Each structure stands twice: as structure tokens, then as C-alpha cells.
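Structure first, then comments.
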Amino acid sequence: MTGLPSHTQVIIVGGGVIGCSIAYHLAEKDIDVTLIERKSLTCGTTWHAAGLVGQLRATKNLTKMAKYSTELYQKLNSMDDLSTGFKQNGSLSIAENVSRYEELSRGVSMGRNFGLEIEEMSFEKMKEKYSLLNFQNIDDDVKGGFFHPNDGQINPVDITMCLAKEARRMGCKIIENNKVLSFDQEEDKVTRVITEMGSINCDKIVIAAGMWSREIGKMCGVSIPLHACEHFYALTEFSSEIPRDLPVLRIPDSQMYVKEDAGKLLIGAFEKKAKPWGMNGIPENFEFDSLPNDLEHFGPILMNAMSRLPILNELGIQSYFNGPESFTPDDRYYLGKVPYKENIFVSAGFNSIGIQSAGGVGKVMSEWIVNDKSKVDLWDVDIARVLDFQDDSDYLRERSSETLGLLYKLHWPYYQYETARNKIQSPLFDILKSNGACFGEAAGWERPNWYTSANQEAKYEYSYGRQNWFENAREECDAVRSNIGLFELTSFSKFIIKGKDSANFLNYVCVSDMNTSIGKITYTQLLNEEAGTEADITITRLENNKYLYVTAPTSHNKDLFCLFKFKGVIFLTINSSSNPRYIPKHNTNLTSSF
Ligand SMILES: Cc1cc2nc3c(=O)[nH]c(=O)nc-3n(C[C@H](O)[C@H](O)[C@H](O)COP(=O)(O)OP(=O)(O)OC[C@H]3O[C@@H](n4cnc5c(N)ncnc54)[C@H](O)[C@@H]3O)c2cc1C
């Protein structure tokens, strides 16, 4: 008797905060759900998180999700037999240079638009809120600060256990000390999950296995490109001089954050160049584990903290902590349904914000799993954006050394990654380069973003103001407008859509009239069933029953997946090197008509 059910509607792999939140939200919807954890709940990355909970994210929907997280954590905390340790003490973000001040100010106006309360603080008010702060020379030293009253901090183990407890109460089965070993699949569907204790038939699976997710994806033919990096913090001794109501403090220019924790200070780091970890795999017995401290690496950030918070010069460090967390190539996590798979969902790669994200993630994932689609636009974090070339260990190791640091570096407009470049080049690369192209990366492709003029270096000089390539872009626009331009579209994904009813089919899925004259290019949008926009595309009518469909390279899988939903209705061939592996069997050679 193993206690395993023979069948369950949804199996979640992984019992960290993310898996438990998805279980909670599915159980709330009366879905029969089983969560499988290889060791104990929280034993991966969750148990050692610092527990900062912020609300402002890069888009409205991600901010809404983070806001929902705090509301949920608050709600659970107020329930009789539950305690999440959630403390809504706010957070204070400080700018140490003018560019950061500009960045934070822009964030504030965006946040207010998203319905967040944010207050700009004078130096006096900052000192009042955070008495331990030292401003040496206000003019040179600190440019400003912003207070987010609804942010806070939480105990990561407690919130996970609360979610698990509530999920169980609503009928979810949680089975610990039971590793998922493999999956049985029929066509593009997982039918059974094989675990150490036996197998379970299921309708859908969710991979929520943190830094193990890439490995688990491989068991069912799914790319989940992420890499673990070491993440450091230090915890001071107790001091009665540390006020208990301090907000969370973020000073990104010094790469540090600070949290008050039972009369101690926790100082965490997002250093500029991170240390990737787990290159030879994650040890089998990894459970509530930590990694060796590296003071040479962490020391400079601790020094920054000491000059900003003089009390640290008097306090001893009680413990140093170093734990692994998974990072993705673009610093955005993965959510949603895997393209070309009928019943596999992913929720992984949380780039150090898994605790604050978990509530909202559980909510949107449960809707996605039940409805097979997301109710809201979550393209920035959709697993469909993953491209095959990214699932490469060297690429991931190199890129993740940069992405951890990007969390606290300035988020410049038009930022170009510095690592893992030159992965895919067009045959024209050298010619374009010798003509002064300044390249940027899109979906692994090196693309000319602008061209230099005489004696100019092909280099971005980042700014929140006018860009250094403004005049170059102006010249290019003028040239194309008054003469003729030749655009290189090698990196774009291209599909040929053909068959006797191609025009009708395209009229059904696109916003524009596609019954155009031969040779005409139409800029249009690909729509979904609710008439929402899925992609921004151009379509050229090549022949009466043949069209060339051109889309952004990052959108390759998403578009193809949308089009493939119309099984057996179109003749579709693919003409793109972005992801040649993804050519579903059912659609390579169909001749039936729409
Ligand atoms: C030092 C540090 C500080 C952090 N601070 C913060 C913070 O302040 N705020 C914040 O929001 N985030 C923070 N984070 C990030 C946060 O901890 C993570 O994003 C989050 O815990 C990820 O949760 P998860 O459920 O995805 O992964 P995990 O917690 O790692 O859970 C995955 C689970 O899957 C299980 N598993 C793996 N393989 C299998 C298998 N084959 N079968 C069954 N189960 C399997 C593992 O055992 C593990 O328990 C921090 C991270 C670190 C390292």
C-alpha cells in the first residue's frame, strides 16, 4: 500500500512554494490534484529564501499577480490556525545616482498607474523610516528614495506549509519522499507519471521543480532552459538597537538588500557577476542544503552595506548563507502550457522572486491548467517563448552569470546582453559588420540595430535620455523614406501557408482582409478565439493559394502553435531555422482544406 492514487486529474512535480501554491489554487477549484515531492516540502530553494515580498513588476499583469500574492499571504495569515509570518512593513528603495533616480521615478509613475501606493521620500523622512541609515553627503551620495507601504516580508517555509495545509484540507494529496522518475507518453500527451513509489495515471502534469525543472523537462521532451546560480546573504547577531518595524531596504546601486529579522539584519546581494552552480548536476541527496560561503565574492557588497548602515561595523555576523536558485536567460520566469504538448504545463525559473510571485502564479496557473489557456496576457513569462538554441548548458551557464546581476543593475532601455552572444548569425553578418552595423540580440540572432557614421564606434551608450544612435536612426529613416531600403529579415520566422482555402483560413485567423492581390504585403495581427492579439505579423500573397507568413523569431513557437490548433485544415510548410525540431507530425503534409 503506497498511498498513491491510481489516477488523478493533475500531477504537480515539486513541493516548493510554487508547486504548493498551484496545488492550493487547483484544489480551490475542486480539481483532483496530487503533488509529488522527491524529499520534503520546501527542501529545494524555498526554505532558505530571504522572503522579501514586493509588488511592483515590469508589466501591469505581473504587478497584479504580485499584488494578489500579498493579499493572499495577508488573508492566510489572518486565518485562525495559520501563520505565514507575513509582515507588511513596506519597502524603501534608494537611488545612489541620477540614472537610478530616473529609473525609480519611472517605476513609481508606472506603479501608480497599476494602482500601487508609492511615496517619494525626503532624506529626513527616509531617516525617520530607517534610522540605521547613514547618508554621508546627501548631494553626492544619495539622489532620492521611494517608499512602497504595501510591500513586506514573509517566512518562506511558513507560507509554503500554509498553502500545503489548505490544499490538503481541500482534498489535494501531497506525497513526499517520492521522486518522479519518468513519464509515459502517447503522441504529445503524458498519460502516466512513474515515481519511486509506483505510477499514477493523469490528465495533466505541471513541472514546478525549481532548478531541477530542466532535467524533468528532458524526461518528457520539453526544453526548460534555466541554470542555478549561487545567491548569498549574511545574518547579523541580535541587537536591541535594531528597530523591529524597519521596512525592507533595497539599495540596488550597492547591489544590496536588507531585511530586519527578529532583531537581526539579513543582508543579501545581487552582485554584478554571479557564480553559476550545478554544472555537473544537482547532487542526488540535495535537501535543505547550502553551498560554501565565498567571502571574496560577497565581501565587497558587505563593505557597501557597512558604509550605508554603520551599525554593521559593531555587530558580529551570526551566519553566512549561500544557496542555489534558478535563473533564466532573460531573467523572466516560465509559466504556462508547453507548445506542441497536449497536457504539460511549466512553472519554473523564478530568478529570486519565487516567494513574492507564488500567490499570483498559483492563481493564473490554475486557470491556465483548467482552461488550457491563460485568461490574461502573460506573454513576457510564457514558456512558449523558449527557443531550442537556449537549451544548451554552456549558453545557460554563461548567460546566468549575467542575469542574476541584472536584477540590481540599471535597467537601461535598449540594454544588450553582454554574455552568450553570437549564437546565430545571418550569412550577411560580416558584410553588415564591415558596413558599421551595431548588433543587438533577438532570439539568439545577432541583428543590426543601427549603423554607425564615420568615426563612430558601434556601441550603445546607455541613457534614459536621447540615445547615442538617435541621429543614425534618423538618417536611416530619412534614407528609406526618400529613397529605397533593403531590410534583412533572415532572423524572422517564416511559414508558407498554402492550400485551396488559404485566403479564407487567413481571413479567419487574422484581423485584416487577406484576399489581396498577388505580391501585396499586409501588416496584420494573428488573433485568438476571443479576438485577442496573439502576434504582430506581415503576410505576403505569393500566389493565389500561397502566402508567406513572417513573424518575430521569439514568437515562432507561439504562432505555429496557434496555427496548428487548426489540425487538418491547412497545408503548412515551415521555412525557418529558428526551431526546426518543432515540426509536429500531424501538420507537415496535410492537404485538406479549410
Ligand atoms: C538566498 C536566496 C534568497 C532568496 N530570497 C527571495 C526573496 O526574498 N523573495 C523571493 O520572492 N524569492 C527569493 N528567493 C527565490 C525563491 O526562494 C525561489 O524563487 C523559490 O523558492 C522557488 O520555488 P520553487 O517552488 O520554484 O522551487 P523549489 O523550492 O526548489 O522547489 C522545487 C522542488 O521540486 C522538488 N523536485 C525536484 N525534482 C523532483 C522530482 N524528480 N520528483 C519530485 N520532486 C522533485 C525539489 O526537491 C524541490 O523541493 C531567494 C532565493 C535564494 C537562493
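Assorted remarks:
- Selection of the range 191-204 for residues being under 27 Å from the mean Cα position of the chain (by Cα) and either at pLDDT below 95 or within 11 Å of the ligand (Cβ to nearest atom) (or both) yields only Val193.
- Scanning the range 334-345 for any residue that is in a loop (DSSP other than H, G, I, E, B), touching a helix residue (DSSP H, G or I) at 6+ places or on another chain (Cβ under 9 Å) and among the small types (Gly, Ala, Ser) turns up nothing.
- Filtered residue count, the range 74-87, keeping only those that are within 14 Å of the ligand (Cβ to nearest atom) and assigned to a loop (DSSP other than H, G, I, E, B): 3
- Evaluating Ile154 against the criteria (1) near the ligand (Cβ under 9 Å from one of its atoms); (2) within 17 Å of Leu4 (Cβ to Cβ) leaves one unmet condition, (2).
- Picking from residues in the range 133-190 that are more than 19 Å from Val13 (Cβ to Cβ) and of a type in the set (Val, Ile, Thr), the one that is farthest from the chain's Cα centre (by Cα) is Ile138.
- Qualifying residue in the range 442-463 (condition: assigned to a helix (DSSP H, G or I) and not basic (Lys, Arg)): no
- Selected residue (only one of Ser366, Ser347, Ser374, Ser352 is assigned by TED's automatic domain parsing to the domain that holds Val53, among the small types (Gly, Ala, Ser) and more than 24 Å from Thr42 (Cβ to Cβ)): Ser374
- Within the range 257-273, the presence of a residue that is of a type in the set (Lys, Arg), under 21 Å from Val361 (Cβ atoms), out of contact with any Gly (no Cβ under 7 Å at 6 or more places or on another chain) and in contact (Cβ under 8 Å) with a residue 40 or more places away in the chain is excluded.
- The range 43-60 - residue that is crowded, with 19+ Cβ neighbours inside 10 Å and more than 6 Å from the ligand (Cβ to nearest atom) and, of those, nearest to Glu284 (Cα to Cα): Trp47
- The sole residue among Ala473, Ala503, Ala442 that is under 30 Å from Leu410 (Cβ atoms), at pLDDT below 95 and aliphatic (A, V, I, L, M) is Ala442.
- Scanning the range 348-389 for residues that are within 10 Å of the ligand (Cβ to nearest atom) and in a loop (DSSP other than H, G, I, E, B) turns up Gly349, Phe350, Asn351, Ser352, Ile353.
For (1) farther than 16 Å from Gly405 by Cα; (2) of a type in the set (Gly, Ala, Ser); (3) part of a strand (DSSP E or B); (4) assigned by TED's automatic domain parsing to the domain that holds Lys39, each residue gets a yes or a no:
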| position | (1), (2), (3), (4) |
| --- | --- |
| Glu241 | yes, no, no, no |
| Leu249 | yes, no, yes, no |
| Asp253 | no, no, no, no |
| Tyr257 | no, no, yes, no |
| Leu266 | yes, no, yes, no |
| Ala274 | no, yes, no, no |
| Glu284 | yes, no, no, no |
| Glu287 | yes, no, no, no |
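- Pairs linking a residue in the range 51-75 that is without any contact (Cβ under 8 Å) to a residue 40 or more places away in the chain to a residue that is in a helix (DSSP H, G or I) and within 11 Å of the ligand (Cβ to nearest atom), with Cβ atoms under 7 Å and 6 or more positions apart or on different chains, are Arg57/Ala66.
- Options Ser352, Ser393; residue that is surrounded by fewer than 18 Cβ atoms within 10 Å (Cβ to Cβ) and modelled with pLDDT of 95 or more: Ser393
- Residues in the range 77-97 that are buried (at least 21 other Cβ atoms within 10 Å of the Cβ) and touching a Cys at 6+ places or on another chain (Cβ under 8 Å): 1 in all.
- Qualifying position, being within 16 Å of the ligand (Cβ to nearest atom), surrounded by fewer than 16 Cβ atoms within 10 Å (Cβ to Cβ) and not small (Gly, Ala, Ser), among Glu71, Glu120: Glu71
- Filter pass, Gln456 being under 29 Å from the mean Cα position of the chain (by Cα), of a type in the set (S, T, N, Q) and assigned by TED's automatic domain parsing to the domain that holds Gly440: no
- Qualifying positions in the range 93-126 - among the charged types (D, E, K, R), over 25 Å from the mean Cα position of the chain (by Cα) and over 19 Å from Gly152 (Cα atoms): Glu96, Glu124
- Some residue of the range 311-332 being modelled with pLDDT under 95, in contact with a Cys (Cβ under 9 Å, 6 or more places away or on another chain) and either away from the ligand (no atom under 13 Å from the Cβ) or not hydrophobic (A, V, I, L, M, F, W, C) (or both): no
- Qualifying positions in the range 396-432 - touching a strand residue (DSSP E or B) at 6+ places or on another chain (Cβ under 8 Å), surrounded by fewer than 16 Cβ atoms within 10 Å (Cβ to Cβ) and among the polar types (S, T, N, Q): Gln416, Asn422
- Check on Met219, surrounded by fewer than 23 Cβ atoms within 10 Å (Cβ to Cβ), hydrophobic (A, V, I, L, M, F, W, C), over 30 Å from Ser307 (Cβ atoms) and away from the ligand (no atom under 16 Å from the Cβ): no
- For the residues Phe183, Phe135, Phe147, the requirement of being without any contact (Cβ under 8 Å) to a residue 40 or more places away in the chain, crowded, with 19+ Cβ neighbours inside 10 Å and among the hydrophobic types (A, V, I, L, M, F, W, C) singles out Phe183.
- Complete set of residues in the range 169-183 that are within 15 Å of the ligand (Cβ to nearest atom) and charged (D, E, K, R): Lys173, Glu176, Lys179
The values are calculated or read from the model by the stated rules, or taken from the named source; none is laboratory data. In this text, all values refer to a predicted model and were calculated from it rather than measured experimentally. Using ideal geometry, Cβ is built from the backbone for each residue, glycine included, and neighbour counts are taken over all protein chains shown.
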